[in-house]
Amino acid sequence: MTEKLSLYELQLMIRDSLYISFPGMYWVIAEISEVKENSTGHCYLELIEKQADDKNVRARIKAIIWCKQYRFLKSYFENITGEKLREGLKVLVRIKIEYHELYGLSLIICDIDPAFTVGELAMKRQHIIRQLEEEGVFSMNKELGLPFIIQKLAIISSAGAAGYTDFMNHLINNEFGYVFYTHLFESPMQGSDTEQGILNALGRISGYQDLFDAVVIIRGGGSQVDLSWFDNYNIAYYITQFPIPVLTGIGHDKDMSVSDMVACVALKTPTAVADFIVSHMLAKENRLMEMLVEIKDLTHTIVEKSRNRLETAGIRLPPLPRILLSAVKEQLAEISMRLIRSGNEQLRIASLLPGGQTSRLPGVIKTFLLSRRTSLELSAKILAPESVKLLQKRKSELDFFQKNLDLLMPENVLRRGYTITYMNGHVKKTIDGLAPGNIIETRFIDGKISSRVMEDEKE
Amino acid sequence: MNKKEFSFKEAVSRIEEIIKNIESGDLDIDKLSDEVKTATELIRQCQKKLKTTEDEINSIFRDLS
């Protein structure tokens, strides 16, 4: 082959053959891996197709949306999908092949089908939701419930975001004067760094979890776009596992991201989150006031009850002696009545006595005396045996004393061999006063003798 | 050593316990006054906590890396 081509000629040949081979427009499914808008308004993309493992790329090509189409396609796509054209999105685009002698091969995008992307995103979301449910973690953060007060907040947001500023304004300037303690853990809230940024922030907060009552994830502006950054398995999973409640205000009206779904409380905007927290505080302060009233009422009831008991006792006490007295009186009256009844009975009996008494009264007296005598006789009957017994007992005692006395009689003593000594007619019990030559008289049972004292010897 | 941080949760639990005790009627009237005093003081502290800034907490939050 001797013919030589210039580079330009070669490029033209390639271009022509491509145009012949790919004459029309094609619908192509691809994933955006890069998007850039330049200053002239053109949009430059890189489209890829990944292998089945969803990691390695098996096809890659440049694509362009000229500014004329881009202005229209951009808003059309965003309105329907709620997403910007961004990396990671799968798109269905209508293209034509273009080959430029300077820039080489590229695809010119003429149209885009947002419905395809919506379907893709929905499928991805559903997949994440199903996975979290299958793992049994979907509602774990919700199950934590909210603490009694939400006062110390770890905030994940980007410092410059309008949403963060709005949130802080609503919180700090709340009309009830509640004090909040906040610390911002910065993270990108859109773009491909969102996932890593939020995971890092949550990781840092978990190191200080005891300091915080809740985590707040907020994103600025109420923009509808870029929601799908929060349809992210890793973010959602970390939220489900977070030890303190997570509140989200990611800023969207139409739909909830998976991160919202798994959060303890999900609200539409950052200001809604701030208002919710203030309302929560207000509700809890009201609860405190209710408890105070409850305590007051209960205490009042108890004190009142005790007072009533005392008062009742006070009322019951004074009449008691009167009641007691009247009971005694009644008893006395009863006894009197019985006596009278008994007397009447006696009178009645008396009136029935035979003998034809002309006057009742002597009969009554007679009956009375008769009854008394009868009663004495009855008593005597009962008493007699008892008296005999008593007398016998007394007699035995006297006999015993008599026997003892008999033993002590002088005759009995003399009989037992004792003698009695007299001097000058007086009994001598000792030898005191006796002197040799004294005459003493000794009495025996059967007679007495006189004798002279020869000598004495006192023992 | 920092003083033990006031715990809202514990305070509320204690208040609820006191209310329950009073409600049950088991509470000795001699202890009523002390318990009511404790509960109202805890409520006062809780209310104060909602609306008063604590420098200690502020400084902890400032120092967070």
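Overview of values
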item	result
Separation between Cα centres of segment A:29-107 and segment A:407-445, rounded to whole Å	168 Å
Segment A:135-283: mean projected area of Cα convex hull, nm²	8.0 nm²
10 °C / 1.306 mPa s Stokes-Einstein diffusion coefficient of chain A, Kirkwood radius on C-alpha pairs, µm²/s	44 µm²/s
Cleavage-rule hits, GluC sites (Glu not before Pro), segment A:173-239, DSSP coil, Cβ neighbours within 10 Å at most 12	A:175
Rg/Rh (Cα only; Kirkwood hydrodynamic radius) as it applies to segment A:419-459	0.95
Antiparallel DSSP beta bridges within the protein assembly as shown, percent to nearest 5	65 percent
About the Cα centre, charge dipole magnitude for segment A:1-114 (Lys/Arg +1, Asp/Glu -1 at Cβ), debye	160 debye
Protein-protein interface of segment A:182-197, residues with accessible area decrease of at least 30 Å², isolated chain reference, 1.4 Å probe	A:183
Accessible area (Å², 1.4 Å probe, nearest 10) - residue A:99	40 Å²
Per-bin percent of Cα-Cα distances, chain B [10 Å]	18, 39, 25, 13, 5, 0
Degrees, to the nearest 10: A:162-172 long Cα axis against longest axis of chain A	20 degrees
Whole-angstrom gap from chain B to segment A:174-219, using each part's C-alpha centre	27 Å
For chain A, calculated [θ]222 nm from helices alone, where every DSSP H run of n ≥ 4 adds -39500 (n - 2.57)	-17000 deg cm²/dmol
Using alpha-carbon coordinates, inclination of helix A:194-206 to the longest axis of chain A, degrees	20 degrees
Probe 1.4 Å, accessible area per residue of segment A:7-120, Å²	59 Å²
Members of segment A:293-337 that become less accessible by 40 Å² or more once partner protein chains are added (1.4 angstrom probe, chain alone as reference)	A:295, A:298, A:299, A:302
Proximal lysines to residue A:62, defined as alpha-carbon separation beneath 21 angstrom and excluding residues fewer than eight positions away on the same chain	A:36, A:50, A:74, A:84, A:90, A:96
Cα gyration tensor, segment A:1-95 - rounded (a/c under 1.5), prolate or oblate	prolate
Chain A: angle of helix A:360-408 to the longest principal axis, Cα-based, in degrees nearest 10	80 degrees
Of the trypsin sites (Lys or Arg not before Pro) in segment A:17-83, those whose Cβ has at most 12 other Cβ within 10 Å and which sit in DSSP loop	A:55
Heavy-atom accessible surface of the protein assembly as shown: percent carbon and sulfur, 1.4 Å	56 percent
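The values are calculated or read from the model by the stated rules, or taken from the named source; none is laboratory data. The structure displayed is predicted, hence computed values, not measured ones. Reconstructed Cβ throughout: ideal geometry from the backbone, glycine too, with neighbour counts over all protein chains shown. The accessibility values were calculated without ligands, DNA or RNA, using every heavy atom of the protein model including side chains. Shrake-Rupley method; radii C 1.70, N 1.55, O 1.52, S 1.80 Å.
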